[in-house]
1. Please work out if Ser168 is assigned by TED's automatic domain parsing to the domain that holds Ser33, closer than 30 Å to Asp69 by Cβ and either more than 60 Å from the chain's Cα centre (by Cα) or among the small types (Gly, Ala, Ser) (or both).
2. When you scan region 444-451, do you find a residue that is near the ligand (Cβ under 9 Å from one of its atoms) and open to solvent by 10 Å² or more (accessible area, probe 1.4 Å), even just one?
3. Just to be sure before I move on: is Leu108 surrounded by fewer than 16 Cβ atoms within 10 Å (Cβ to Cβ), at pLDDT 95 or above and under 28 Å from Asn126 (Cα atoms) in the structure I sent?
4. Condition first: away from the ligand (no atom under 15 Å from the Cβ) and open to solvent by 30 Å² or more (accessible area, probe 1.4 Å). Can you find one or more residues in region 360-372 that meet it?
5. Go through region 311-333 and give me each residue that's within 51 Å of the chain's Cα centre (by Cα) and either surrounded by fewer than 18 Cβ atoms within 10 Å (Cβ to Cβ) or outside the structural domain of Ile346 (by TED's automatic domain parsing) (or both).
6. Kindly indicate whether any position in region 394-401 is more than 8 Å from the ligand (Cβ to nearest atom), surrounded by fewer than 14 Cβ atoms within 10 Å (Cβ to Cβ) and over 16 Å from Ser376 (Cβ atoms).
7. Going by the conditions given, is His411 over 23 Å from Glu441 (Cβ atoms) and more than 8 Å from the ligand (Cβ to nearest atom)?
8. Does Gln338 fit the bill of being open to solvent by 70 Å² or more (accessible area, probe 1.4 Å) and away from the ligand (no atom under 13 Å from the Cβ)?
Amino acid sequence: MKAFSAYHRRYLYKTGALIVFFSVVIIGLNFYSIKILSSIRAYVNGESQYSKAQKDATRYLIDFIQTSDLQSYNLFKQELQVPIGDRLARIALQQGGVDTEFIRKAALQGRNHSDDIDNLVWMFKNFQHFPYFKEVVEKWTAADRDIAELDNIGKFIFNLKSKELNSSVKTAMILHVNTINRRLTFNQQAFSSILGDASRVVANWLIFINISFILFILIVGWLFTKRTFRQLEESRMQIIAQNNAKDEFMSIASHELKTPITSMKASLQILERFVKNSDESKQIHPFIINANKQVNRLTGLVNELLDVTRIQSGKLAINKKPFLLNELIEEVIHETTQNRKHKHIIKNLSQVYVNADAARIYQVIDNFLSNAAKYSEEADEIHIWSEIDDNQVRVFVQDFGPGIKRDKLPHLFDRFYRIEETQQTVQGLGLGLYICKEIVENHGGKLGATSEVGSGSIFWFELPVEFKVLVSGKKQVIETD
Ligand code: ADP
């Protein structure tokens, strides 16, 4: 059993470690996947700022070519700062990205959101050699070359003063600017589409890996549960087999013990008769009395064991016949309490007939009374009474011993249960109340106990009433449900 549980524990740890490992991997994977997707979103966002600024700059440059309005030129220069900022950040990153302050300033100039900058830098540093990202950087570099050309065209016209340009040169210039603009737009579309592809690939992988890992954890969990159930079932079967073996042993042992005990008892009776007439009668008699007492105790214990084996095998015979319960109670008190130090006080006994096995009910009352005496050594009295409630008769046995703690009460009627405190001082097997419970329940009755620590306990059992006896002596039928 010990080896089995050590094995079971090892298996539990291994499975637990596997589940923890895969859960950590899933958490890490999701964390980085979300970081990658957020970084891609930051690049897409940066690209849209870049593209908007480039389009506005182109529009202002064409305005400036047509009208020579300096305000248009200034606006052109202002919008151009956005792609220029991005370019400065890119070059710094390509050179190792050491000057983080410079990169941050350049990225802000490129109208990137300040919260996105860390992700932009992180992705550049970690993915610049990945095919998708390499392609993105190539498109970006090509776009920056076109931006530089637009900047040069603006500076050239600004220096020339547009008055010196005739209308055909202006038209040619505008055509050239438009061509660059188209090229830039094409580049930006390619840039966005590569990022889109990359995010789709990441998302697909993420879904695939997540589903695979979750399936793996579910399969491991299912296998673990299946195996645990199998092991539980195996140990249940083991316990049942052990219990059966123990019951069988108890049955054989108690049957085997019965014969020598009976023979011992008979021998003692013969011995007693012989000794009575001898000269040493006085000296020997106490020993015979003691031997008889011990043989009776042994008989009681063996009978308890035999009853338990009968209960376990479902062979506890109950032979019901109607009898007067109050008479039986008086009989038990009279026969079993002669030599006990307690005074047995009958407070009230309802006159009722019950349809039951008198010998078995005798056994229950005897057990309650002997327990009351055994477990209240210091007290002087034991009270007995019965009450009729509805069509049930309830018999009470009250002692004034140390009582029983509330948490122990539900276990009193369990097989082999004994309260630790009394175990050392009072002998017993913890079977009496268990047998009582089986007997009473086999009669369709109930039993229980109430107790107060320091004041004593009341044990009771209840049986269905067959007839109630009227004072006149006639029987009255009590209707039963
Ligand atoms: P046994 O008396 O042989 O040990 P029982 O089944 O008759 O077995 O009782 C089970 C346990 O319940 C006892 O060991 C004892 O601890 C407790 N018990 C029973 N009756 C009383 C009582 N009247 N007062 C206190 N404890 C009791």
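1. Working: assigned by TED's automatic domain parsing to the domain that holds Ser33: yes; closer than 30 Å to Asp69 by Cβ: yes; either more than 60 Å from the chain's Cα centre (by Cα) or among the small types (Gly, Ala, Ser) (or both): yes.
It is true that Ser168 is assigned by TED's automatic domain parsing to the domain that holds Ser33, closer than 30 Å to Asp69 by Cβ and either more than 60 Å from the chain's Cα centre (by Cα) or among the small types (Gly, Ala, Ser) (or both).
2. Going through region 444-451, the residues near the ligand (Cβ under 9 Å from one of its atoms) turn out to be 449, 451.
Filter again for open to solvent by 10 Å² or more (accessible area, probe 1.4 Å), leaving 449, 451.
Checked region 444-451: at least one residue is near the ligand (Cβ under 9 Å from one of its atoms) and open to solvent by 10 Å² or more (accessible area, probe 1.4 Å).
3. Values: surrounded by fewer than 16 Cβ atoms within 10 Å (Cβ to Cβ): yes; at pLDDT 95 or above: yes; under 28 Å from Asn126 (Cα atoms): yes.
Against the criterion (surrounded by fewer than 16 Cβ atoms within 10 Å (Cβ to Cβ), at pLDDT 95 or above and under 28 Å from Asn126 (Cα atoms)), Leu108 qualifies.
4. We begin by selecting, within region 360-372, every residue away from the ligand (no atom under 15 Å from the Cβ); these are 360-362.
Remaining after also requiring open to solvent by 30 Å² or more (accessible area, probe 1.4 Å): 360, 362.
For region 360-372, residues away from the ligand (no atom under 15 Å from the Cβ) and open to solvent by 30 Å² or more (accessible area, probe 1.4 Å): present.
5. So in region 311-333, the residues within 51 Å of the chain's Cα centre (by Cα) come out as 311-320, 325, 329.
Once the filter is applied, which keeps residues that are within 51 Å of the chain's Cα centre (by Cα) and either surrounded by fewer than 18 Cβ atoms within 10 Å (Cβ to Cβ) or outside the structural domain of Ile346 (by TED's automatic domain parsing) (or both), region 311-333 yields Ile311, Gln312, Ser313, Gly314, Lys315, Leu316, Ala317, Ile318, Asn319, Lys320.
6. no
7. Values: over 23 Å from Glu441 (Cβ atoms): no; more than 8 Å from the ligand (Cβ to nearest atom): yes.
When the stated conditions are applied, His411 does not pass them.
8. On the way: open to solvent by 70 Å² or more (accessible area, probe 1.4 Å): yes; away from the ligand (no atom under 13 Å from the Cβ): yes.
So Gln338 fits the description; yes.
The values are calculated or read from the model by the stated rules, or taken from the named source; none is laboratory data. These numbers were taken from a predicted model, which means no experiment stands behind them. No Cβ is skipped: glycine too gets one built from the backbone with ideal geometry, and neighbour counts run over all protein chains shown. Quick note on the areas: whole protein, heavy atoms, side chains included, nothing else; ligands and nucleic acids left out. Shrake-Rupley method; radii C 1.70, N 1.55, O 1.52, S 1.80 Å.
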